[in-house]
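I have placed the structure first, in the form of structure tokens, so that the comments after it can refer back to it.
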Amino acid sequence: MTGTAQVRCMLMRGGTSKGAYFLAADLPAEPAARAALLLRVMGSPDPRQIDGLGGAHPLTSKVAVVSASRDPGADVDYLFLQVAVDRPEVTDRQNCGNILAGVGPFAVERGLVAAGDGETSVRIRMLNTGEHAVATFPTPGGRVDYGGDAVTAGVPGTAAPVLIRFPPGDRPLLPTGKVRDTVAGTAVTCVDNGMPTVLIPASALRVTGYESPADLEADQALGERLHEIRLAAGRLMGLGDVARTTVPKLSLLAPPRHGGAVTTRTFIPVRCHTAIGVLGAASVAAGLRLPGGVGEGIARLPGRGDRVRVEHPTGFLDIDISVDPGSAGSAPRARRTAVVRTARKIFDGTVFPAPAPALGG
Ligand code: NQM
């Protein structure tokens, strides 16, 4: 470990999020000490995160901790940590598929995985959920090439594609065992294809689902209603009291407007996402593929092929998904989920965390 006065760190954009990437060996192993250090690295708690790397929004206050894996099915382990902006909290309760997009390139940059000539595939064990992913990205001449033609809606310009494939998970897609539940008086579909998510028809909450994130965040009555639904849904999903956790997420559904399958506005869970999370979109897509869910009559699913285009406030996210709807004796499961994201190395160097607050006083 480098010591806590300065820490080796790479700042990367992963999909539509931005985070600080660390080798596990460069951070304290003990979770409380690691959390205390990361709060100082990111500048939390402070709504502006003025004294740290954080960008004053949950989407830019993220951390990846990466190490070589002992799992024979993985090259590296990835632990995602969400650093709260205005509260002194660091949580491993959720995963992040956007930050995941940077993990493979980071593993090559730090020498955890040897680059192939042309492209490299990195097998990643996601410690937050125990699930696996495989990320494939260009490495011409044995170096990560971040430049390319792929577009990530919500990110300016183009970049190299990072193909992320999620093998079939063991966990059932429906944490409540039902494709439709009524929580706090509202019909919802609770689904988890990598991210516990509650699907809610926007019309049930008296919004169109096409409002901007800022307008939705400003709607106090909506915020209170969403909180009520989330607390009830969290209990039903077996997540216990979710008052202070970042999962489940809430996705409002409305008919598509731009040729996709559905329009979404996703709460993560208080701020409204400016796009949608990768695993959040994978969960929305899975929920739409299950007959009887609340997306029926709202979504327009393609008749052929496995691609579900999820529209969001700054464009769309395509999810390739195939779902086994289950039968009398077996619960529905995802057979295959895949997505193309992009990532970029922004900065590599040493971060100097703000000094720890003095004790006492
Ligand atoms: O759902 C935001 C993000 C995410 C999570 C959030 C994510 C995912 O966009 O896989 O990527 O839902 O908190 O980074």
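The values are calculated or read from the model by the stated rules, or taken from the named source; none is laboratory data. Since the model is a prediction, treat every value here as computed from it, not as a measurement. Methodologically, a virtual Cβ is constructed for each residue, glycine included, from the backbone with ideal geometry; neighbour enumeration extends over all protein chains shown.
Points worth noting:
- Of the residues making up region 71-94, those that are surrounded by fewer than 24 Cβ atoms within 10 Å (Cβ to Cβ) and touching an Asp or Glu at 6+ places or on another chain (Cβ under 8 Å) are Asp71, Asp77, Leu79, Val85, Asp86.
- Residues (more than 16 Å from the ligand (Cβ to nearest atom) and part of a loop (DSSP other than H, G, I, E, B)) located in region 269-298: Leu290, Pro291, Gly292, Gly293, Val294, Gly295, Glu296, Gly297, Ile298
- Screening Ala221, Ala243, Ala204 for residues that are surrounded by fewer than 19 Cβ atoms within 10 Å (Cβ to Cβ), away from the ligand (no atom under 15 Å from the Cβ) and closer than 22 Å to Cys96 by Cβ leaves exactly one candidate, Ala243.
- Within region 302-330, being exposed (fewer than 14 other Cβ atoms within 10 Å of the Cβ) and either among the hydroxyl-bearing types (Ser, Thr, Tyr) or touching a strand residue (DSSP E or B) at 6+ places or on another chain (Cβ under 9 Å) (or both) holds for Pro302, Gly305, Ser327, Ser330.
- Residue check, Met10 modelled with pLDDT of 95 or more, away from the ligand (no atom under 16 Å from the Cβ), among the aliphatic types (A, V, I, L, M) and within 20 Å of the chain's Cα centre (by Cα): yes
- Candidates Leu253, Leu317, Leu301, Leu226 - the one that is away from the ligand (no atom under 13 Å from the Cβ) and either in a strand (DSSP E or B) or free of Cβ contacts under 8 Å to residues at least 24 places away in the same chain (or both): Leu253
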